[in-house]
1. Output yes when any residue across the range A:21-31 is more than 9 Å from chain B (Cβ to nearest Cβ), surrounded by 15 or more Cβ atoms within 10 Å (Cβ to Cβ), among the aliphatic types (A, V, I, L, M) and part of a strand (DSSP E or B), and no when none is.
2. Would you confirm whether or not the range A:290-297 contains a residue that is not acidic (Asp, Glu) and not in a loop (DSSP other than H, G, I, E, B)?
3. Taking the range A:60-82, which residues are surrounded by fewer than 16 Cβ atoms within 10 Å (Cβ to Cβ), in contact with a strand residue (DSSP E or B) (Cβ under 9 Å, 6 or more places away or on another chain) and within 23 Å of A:Glu15 (Cα to Cα)?
4. Taking only pairs six or more apart or across chains, which ones have beta-carbon atoms under 7 Å, a first residue in the range A:41-53 that is away from chain B (no Cβ under 11 Å), and a second residue that is of a type outside the set (Ser, Thr, Tyr) and within 9 Å of ligand 2 (Cβ to nearest atom)?
5. Can you pull out the residues in the range A:79-108 that are among the basic types (Lys, Arg) and facing another protein chain (nearest Cβ under 8 Å)?
6. What's the number of the only condition in (1) on the phi < 0 side of the Ramachandran plot; (2) in contact with a Leu (Cβ under 7 Å, 6 or more places away or on another chain) that A:Ala222 fails to meet?
7. Of everything in the range B:262-294 that's within 14 Å of chain A (Cβ to nearest Cβ) and closer than 30 Å to B:Phe190 by Cα, which residue is surrounded by the fewest Cβ atoms within 10 Å (Cβ to Cβ)?
8. For the range B:5-37, how many residues meet the condition of being assigned to a loop (DSSP other than H, G, I, E, B), modelled with pLDDT of 85 or more and surrounded by 15 or more Cβ atoms within 10 Å (Cβ to Cβ)?
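The values are calculated or read from the model by the stated rules, or taken from the named source; none is laboratory data. All values derive from a computational prediction rather than experimental measurement. Glycine also receives a Cβ, built like all others from the backbone with ideal geometry; neighbour counts cover every protein chain displayed.
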Amino acid sequence: MGKILEIKNVVVGNEEIKILRDISFEVEEREIISIVGESGCGKSITLRTIIKLLPQNLNILSGKIFFEGLEITKLKEKEMQNIRGKKIGMIFQEPSSFLNPLFTIGNQIEEGINEKVEKDKKKERVIKILEEMGLSYNVYYQYPHQLSGGMQQRAMIAMALINNPVLLLADEPTTALDVTTAFGIISLLKNLILIHNLSIIFVTHDISLAKYLSDRIFVMYAGIIVEKGPSIEVYNSPLHPYTQKLINCLPEKYNKGEKIKTIEGEVPSFKNLPLGCPFSPRCEIKNKICEKRIPPEIKIGNRIVRCFKYGNFMES
Amino acid sequence: MNIFVRLRKRNFISYISLYIIIFLYSLAILADFISPYPYNKQFRDTPLCPPTKINFFDKNGKFHLRPFVYEYKLVNPSLNKYEIDRNKICPIYFFVKGERRKILGLFPSRRYLFGVKEGKIFLFGTDMHGRDIFSRVLYGARISLSIGIIGVLISFFLGFLIGGISGYFGGKIDNVLMRLVEIFMMFPSFYLMLALRAVFPLNLSSFQVYLLIVIILSLIGWAGLARIIRGMVLSIKEEEYVLSAKALGIPTFRIIFRHIIPNTFSYSITAITLSIPGYILGESTLSLLGLGIQEPYPSWGNMLSVCIGNLRILSNAPWMLIPGFFIFLTIICFNFLGDGLRDVCDPKNW
Ligand SMILES: Nc1ncnc2c1ncn2[C@@H]1O[C@H](COP(=O)(O)OP(=O)(O)OP(=O)(O)O)[C@@H](O)[C@H]1O
Ligand SMILES: [Mg+2]
């Protein structure tokens, strides 16, 4: 299996704030990656960095991104347009606001079709992919507001997949949906890997869902990936104190009648981040060094963790 | 076609307004054929003649299937008093023969929609030169109605282009374009209009004056619009569906013109229809000051301008104000239409 995406030491932000700090990871062919983390930790920004559609005030300050061996951090906007939607598809968090209210679903998906083919062919293709997503062909003629949330989400997925991309970025596609509909979408995504031969980066804040769906899990905290590794391992024996607490707080880990557990303290704001490890203010096992430096990536077996607890830093 | 059905269902008044507008425009186009007299034909012996009544019963109470008119005779020129001569019946015919005119400037014809063989027919009366106001209203519609449409097209083209680019790209481009807009908006539009008109010589042909007025009015109109479009584009480009269009790899100009501009339509369609009256009135204002379309060619504005400040006319010949009624009708119809179109433009209302 080859790598299709490789991100090296990417920093995103502006003069005042850094949202993503030193992000590195790679995605293999036909792999499902989950990025988990609390709200506001920079998951959506990570995805938008990959297709270079950041908010206007944020930029990639340093680092490199390779997609299929091509350094896309160097590409011009025009060249990026040939990658977006064609090679990398994206599903957004809130389908209702990500569909243009003025056009029918069919119209919008058709617009994304890359090749120059006749109208009839395009329509055929759109209807085929809508049906693949479990939508009836009527949806082709409907406007976004006439669809339910689940249907909109399926339409978004159809839109992202219309050009058979090799990488799908899915930003919390199920958060706005009820459990059954969400489950439908998840099984759909799992099937897509088999049919369409693609890799998925799946963003969620539900680590159990991530374990169920993905090959590897990346745990993010305040703009840093604190832990990376195979899903089962990360879930069953988390290394980073933040991951440990996150998993401990899951409802399925509770005994009946037990009090709800939360992680003490608050997520630091991006305006005044702690100097060292961003988790240090909430960490119970912190050391002096944790408050001075950001821990480097430490490799432990299949996993990579950013915590001074591992390696031999604690003494110094 | 769909849009008409929707309009009828959602907003009946605006549906009717649409038909009135279409009717007014067809009157303007067919003015050569419908008007019984040329716009500059003077009947010296009947100045300020009241509107001719159309009768079915003669003085003996006998019914005539073909409607007819009586002749009006000026009895007291200083008081402008007319008497109806009930002895002579002048029946109205369809497709009567008259002077040779070119319909639409192309087809020479001697027959007009209606008219009388003897006597005269002035449906809206005559002005002080004895010209038929009905005919002049029809010819005047050509000027007044087309100035609105052409002016709006020009200023909307400019407004969308400049506002769209300014709002979407922002930064320096935005800065430069918006300062330009402010220069235009800095002057009170009335004085700007006069100043622009003053730059050009007075002795221009009617057609040149017409073009000039259209250009002046749209130069005044586009600036405000560009600002509003810019504001809307500024907010719409942050909409998430624009982001998702970008994520589909759709090129920039297509995003502006297909995803952003159409989303301003719910506002701009209304603005378009609401600004047409402004052009009609603008032309009237210029005419009122003698800077608009020149006599003898009529426009609704210059027909009205003769009556303003002339009490004798206002009290003795109120029919001279009929062009004002047409301006009013047009404005109100466009307003209703704009209202209805706004509803219809939004798929959520279907
Ligand atoms: N344009 C911006 N300028 C400055 N800060 C921003 C901007 N956009 C986002 N941020 C900040 O970046 C952080 C990460 O945002 P992001 O949308 O990636 O969060 P997220 O992990 O996707 O959260 P959620 O689960 O709620 O979607 C947030 O704290 C937010 O305040
Ligand atoms: Mg998000």
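1. Yes, the range A:21-31 contains at least one residue that is more than 9 Å from chain B (Cβ to nearest Cβ), surrounded by 15 or more Cβ atoms within 10 Å (Cβ to Cβ), among the aliphatic types (A, V, I, L, M) and part of a strand (DSSP E or B).
2. Yes; the residues of the range A:290-297 include at least one that is not acidic (Asp, Glu) and not in a loop (DSSP other than H, G, I, E, B).
3. Correct list: A:Leu61, A:Ser62, A:Lys64, A:Lys74.
4. Listed pairs, sorted by first residue: A:Lys43/A:Val203.
5. Of the range A:79-108, the ones among the basic types (Lys, Arg) are A:84, A:86-87.
The answer is A:Arg84, A:Lys86.
6. (1)
7. B:Tyr267
8. Total meeting the criteria: 3.
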